[in-house]
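Below you'll find the structure, written out as structure tokens, and then a few comments.
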Amino acid sequence: MCIRDSYQARKRWKNGAASAREAIRADSSFVKGHAHLAKCLVQLGLAKDAREAVQAGIRVVDADKVAILERLLAEIGQQSTVKPAAGSNDAEGLKEQGNQCYKCADYSGAIRFYTQAISAAPKVGVYFGNRAACWMMLKQYERVVKDCSAGLALEQAGELAKLRLRMANALMMLNKVDRAADVLQEGVSRGGQHLKALQDQLGQIQALLGLQAKGNRALEHKDWSGAKFHFSKLVSTVGLEEHTGWRLGLAQALQGNAELSEAALLAQKVIADLPDCAPAYQIRADCLQRMGLVDKAVQTISALLQRDPENPEVSGQLKRIRYLQSQIKHITQELEAAFKSRDFDTAIRLSSEGATLDPDNVDLTASMLLSRAKARHQLAKAHASKSKDPDAAAKANALWRKSLHDTQTASYHAENLLEPFLLRAEILQGLERWEEAVLEIKDAIGRGPGAQSTEAHNKLMQAEFLVRKSKRVDYYALLGVEFGVKASEREIRAGYKQQAMLYHPDKQAGMDDKDKEQATSKFKLLGEALEVLTDPYMRKLWDQGHDLESIKQHVELQKQQQKQ
């Protein structure tokens, strides 16, 4: 070959290597790209670089393509004289270097040396076991099974218990528990010095299989609590915490048990490990939908449909969620408009419809029930203000009782919501059940939803104020003043004079002790009423709802401020 031809050939190999690198950058698992790069590097006289390119490819290509690169690595080893590291010019030396990398948690480096050891001594099964240990640490379970199978097939001297144990663990992680048991059972039947270890592992797997069977039966019978118990025990098994099948079973149990956020999170973890696991997407989407996160549910099912566009079940689920999404949006907008225009009858109708849209969506149901309770509460207040309507009080009370029931049901569906507690307190106050209103707010603060809420604490102060107000003597009624808070001072004094004449001590002659005591008490109250209602500042406080003790505290505070 002339110099020109040699130059042109070298240029072609360089271009070929560059093209191969571009292909690998676009798709790191493209096995032909790794193979072509290595062949180009060999032609360029870069055997070491060629070997490293093949080893890099072995770490990233699919498990069923690894054999292609391993054969190529062996060919490169035969075609070139590799200068080994000092003291490691044989398979055992390479294995020892791999062991050192493994101890330092450099699993990729260890794989490189173990692969070289396999190339140097392809009939030694233990080297496949060493490499399988690295794949195990990198969670490449298919490759673990492949290497362990190869190692067991090559081993002639006896049973490699470690390979069987490692292979069984990898099969467990691949949800192939029955096959893992078969692998161990075969080892037990062969006997050998590691029989006890195999028997122990087999016993553990059989126990896990028993738990798995119980969990699956519980799922079939919709015994969600039982399924949760069994799958929780399974996923707590040391070394198998990330078993996707068991995680999926637990997610399904949590979904059935209405532990929606936990189920959605667990399903997401399964999706991260198995991106094509349709049931995990469906569980997560259902939980998100029931939590009121309909947009996220649509995104989840859409992502699954991109992976499996021909799945009619998934397409149907997406259509149902999107239809529900549009219905919720429509009713929410109409409901907002009804409240804005104070059309509470329409608001009651719309929220009733909304509460039945998706019975499994507890947040949506609670929200709609709460809206209906608010609309009924507003209507009740409107009726209560109609003093001329003889039926107004009865209508108001009926609406308040229905509203009260709605808030209680809303709290049942979403117990962490503060709003139902506060609205329930307002309704109880409308029904003049003052002390019950206080207890409702205290319950909200004590149980959690209102513990850190300034609004809840302010509402509690107001409710306690109303309790004190409800226990006051009505000074206006005591004085017999016809127009109550609108009465003039002259009318108040006249009322006092008229009532005082009935209970004055001079009028108590001939009364028994009990009647005298009652008359004296009444006369004293009349004096208090006169004092409060004829003082502008004290009367203002009284009309605001303060009791006598509170009024005296405010008066004393005013005096202190005036002195300052």
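The values are calculated or read from the model by the stated rules, or taken from the named source; none is laboratory data. Nothing here was measured: the structure is a model prediction, and the numbers come from that model. Because the Cβ atoms are built from the backbone with ideal geometry, glycine has one as well, and the counts that use them run over all protein chains shown. Surface accessibility is based on the protein's heavy atoms, side chains included, excluding ligands, DNA and RNA. Shrake-Rupley method; radii C 1.70, N 1.55, O 1.52, S 1.80 Å.
Looking at the chain, the accessible area is 56 square angstrom per residue; that uses a 1.4 Å probe and ignores ligands, DNA and RNA. Kirkwood-type hydrodynamic radius, segment 254-323: 11.7 Å, calculated from all non-identical alpha-carbon pairs.
For the listed peptides 146-154, 348-356, a ranking on the average number of other beta carbons within 10 Å per residue, highest first, reads 146-154, 348-356.
Taking the Cα centre of segment 277-426 as origin, sum charge times position over the Cβ atoms of Lys and Arg (+1) and Asp and Glu (-1), and report the length of that vector in debye to the nearest 20.
Values: 21 positive and 19 negative charges, 105 e Å.
Its charge dipole is roughly 500 debye.
Counting only DSSP H runs of at least 4 residues, each contributing -39500 (n - 2.57), and dividing by the residue count of the chain, the helix-based mean residue ellipticity at 222 nm comes to -25500 deg cm²/dmol. Beyond 21 Å in Cα-Cα separation lie the following of the pairs LYS329/LYS402; LYS139/LYS162; LYS176/LYS233: LYS329/LYS402. Counted over segment 274-404 with a bin width of 10 Å, the fraction of Cα pairs per bin, in whole percents, is 13, 32, 23, 16, 10, 5, 1. Percent of C-alpha pairs per 20 Å bin in the chain, short distances first: 14, 28, 22, 17, 11, 6, 1, 0. Once the Cα atoms of helix 344-355 and of the chain are each reduced to a long axis, what angle between those two axes, in degrees from 0 to 90 to the nearest 10, is obtained? That works out to roughly 30 degrees.
Between the alpha-carbon centers of segment 30-60 and segment 429-454, tell me the distance in whole angstrom. If we compute the Cα centre of each part, the gap is 73 Å. Sites listed here are trypsin sites (Lys or Arg not before Pro) in segment 217-293 whose DSSP assignment is loop and whose Cβ has at most 16 other Cβ atoms within 10 Å: LYS222. If you take the beta carbon distance between ASN257 and GLU336 as r and set R0 to 51 Å, what does 1/(1 + (r/R0)^6) give as a FRET efficiency, to the nearest 0.05? Once the sixth-power term is evaluated, E becomes 0.90.
Positive end of the dipole of the chain (Cβ unit charges, origin at the Cα centre): among MET167, SER453, PRO536, the Cα lying farthest that way belongs to MET167.
If I compute solvent accessible area with a 1.4 Å probe over the protein chains, what percent of it on the chain is carbon and sulfur?
Values: 15840 of 31460 Å².
On the chain, the fraction of accessible area on carbon and sulfur atoms equals 50 percent.
Straight-line cross-link reach from LYS146 at under 14 Å between alpha-carbon atoms covers these aspartates and glutamates, not counting any fewer than eight positions away in the same chain: ASP62, ASP64, GLU70. Of the cross-linked pairs LYS395/LYS514; LYS459/LYS522; LYS48/LYS103; LYS103/LYS269; LYS381/LYS497; LYS374/LYS469, those separated by over 31 Å at the C-alpha level are LYS395/LYS514; LYS459/LYS522; LYS381/LYS497. The long axis of helix 434-447 is offset from the longest Cα principal axis of the chain by roughly 20 degrees.
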